[in-house]
Amino acid sequence: MASYSTGTGEGSSQELLHVLAVDDSLVDRKVITGLLRKSKYRVTAVDSGKRALELLDSEPNVNMIITDYSMPEMTGYELLKKVKESSELRQIPVVIMSSENVPTRINRCLEEGAEDFLLKPVQLSDVSRLCNRVLR
């Protein structure tokens, strides 16, 4: 079991970066959570865009959001737009995931401010590349 630093005092530079994973599929949430934890990130996983926004209201220390595109109630694209429209949240990088390779969808998300668009199934190499580029 990995132990997680709480970031108290001078050791805060050692604190694990916090990623919010959003996917309505339990299986996909478990996959992305496992990959992110394997890459040494602290992960909070929720099942909808609405729950993600609720969590962001109460948990401001999120370093990146990775969200599925196709979800009921609120799509990943709608979540992206809400995050980028918020003065408090807009600095948080958002990555969209989808099992469908639809170039117009990908371009629309990138134009709206997504950091990247990953095709499912997401691999450990995708997460490593993404986290090195987005979270530095």
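The helices (runs of 4 or more DSSP H) found entirely in region 34-136 that carry 3 or more residues being touching a residue at least 60 places away in the same chain (Cβ under 8 Å) and either open to solvent by 80 Å² or more (accessible area, probe 1.4 Å) or under 16 Å from Leu20 (Cβ atoms) (or both) are 124-134.
Residues in region 1-28 that are among the acidic types (Asp, Glu) and either under 20 Å from Leu56 (Cβ atoms) or modelled with pLDDT of 95 or more (or both): Glu15, Asp23, Asp24, Asp28. Close contacts from region 9-21, counting a first residue that is assigned to a strand (DSSP E or B) and a second that is modelled with pLDDT of 50 or more and open to solvent by 70 Å² or more (accessible area, probe 1.4 Å), with Cβ to Cβ under 8 Å and a gap of 6+ residues or different chains, come to His18/Arg42; His18/Asn61; Val19/Arg42. The set of residues in region 57-71 that are more than 14 Å from the chain's Cα centre (by Cα) and at pLDDT 95 or above comprises Ser70, Met71. Being modelled with pLDDT of 95 or more and touching a Cys at 6+ places or on another chain (Cβ under 9 Å) is a property that does not hold for Val31.
The values are calculated or read from the model by the stated rules, or taken from the named source; none is laboratory data. Remember, predicted model here, so these are calculated numbers, not experimental data. Positions of Cβ are generated from backbone atoms using ideal geometry, with glycine treated the same way; all protein chains shown enter the neighbour counts. These accessible areas exclude ligands, DNA and RNA; they are computed on the full protein's heavy atoms, side chains included. Shrake-Rupley method; radii C 1.70, N 1.55, O 1.52, S 1.80 Å.
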